[in-house]
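The next block holds one structure in the form of structure tokens; read it before the comments.
Please treat every number below as a calculation from the coordinates, not as lab data. Just so it is clear, the model here is predicted, and its values are computed rather than measured. With ideal geometry, Cβ positions are generated from the backbone for all residues, glycine too; neighbour counts draw on all protein chains shown.
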Amino acid sequence: MKVLVMFVDKFAYQPTVKTLETAEDVTEGATFSNSILAFIQIEESDEQNDAASREKKLVNHLKWTARKNNCDSIILHSFAHLSESKASVEFTHEVFNLAEKRLQNAGFTTAQTPFGYFLDLEIKAPGYSLARIWATL
């Protein structure tokens, strides 16, 4: 799993192109402020483990990043451009849903960008050390 995490002053998205036929129809975008934005790619090798073990590793990293940025809002964004390897859509979606539930149970406000869409993105992020963190988990 590859993860690029940013603390964002502002993040907004608008769905533009549906890329997955089975995805829910989404026409509305959303805007967030003072949040952790996680660009996440679940890789094929992650499927050798169960989804819960991958989700736990992801959540631990996101919670650490949120604490370092004094933040309690986390946005999960599927970004299949951090690696050439991709897990199945079903496995990726399962990891995201499990991670969101665990984060909510830990008191975080969460959101997921629409799964199976290309999105127009607006990102405003400050430039300090822990505002951007890349990791292989």
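If you check THR92 against the conditions, is it of a type in the set (Ser, Thr, Tyr) and either free of Cβ contacts under 8 Å to residues at least 12 places away in the same chain or surrounded by 16 or more Cβ atoms within 10 Å (Cβ to Cβ) (or both)?
It is true that THR92 is of a type in the set (Ser, Thr, Tyr) and either free of Cβ contacts under 8 Å to residues at least 12 places away in the same chain or surrounded by 16 or more Cβ atoms within 10 Å (Cβ to Cβ) (or both).
Collect the residues in the stretch 44-87 that are of a type in the set (Ser, Thr, Tyr) and under 22 Å from ILE123 (Cβ atoms), keeping them in residue-number order.
Residues of the stretch 44-87 that are of a type in the set (Ser, Thr, Tyr), as a first pass: 45, 53, 65, 73, 78, 83, 85.
Hits for the stretch 44-87 are THR65, SER73, SER78, SER83.
Among the residues of the stretch 20-77, which ones are within 17 Å of ASP9 (Cα to Cα) and touching a Lys or Arg at 6+ places or on another chain (Cβ under 8 Å)?
Selection gives THR31, PHE32, SER33.
Can you find even one residue in the stretch 8-18 that is among the aliphatic types (A, V, I, L, M), more than 24 Å from ILE123 (Cα to Cα) and surrounded by fewer than 18 Cβ atoms within 10 Å (Cβ to Cβ)?
No, the stretch 8-18 contains no residue that is among the aliphatic types (A, V, I, L, M), more than 24 Å from ILE123 (Cα to Cα) and surrounded by fewer than 18 Cβ atoms within 10 Å (Cβ to Cβ).
Is it fair to say THR22 is surrounded by fewer than 21 Cβ atoms within 10 Å (Cβ to Cβ), assigned to a loop (DSSP other than H, G, I, E, B) and touching a strand residue (DSSP E or B) at 6+ places or on another chain (Cβ under 9 Å)?
No; evaluated as a whole, the condition is false for this residue.
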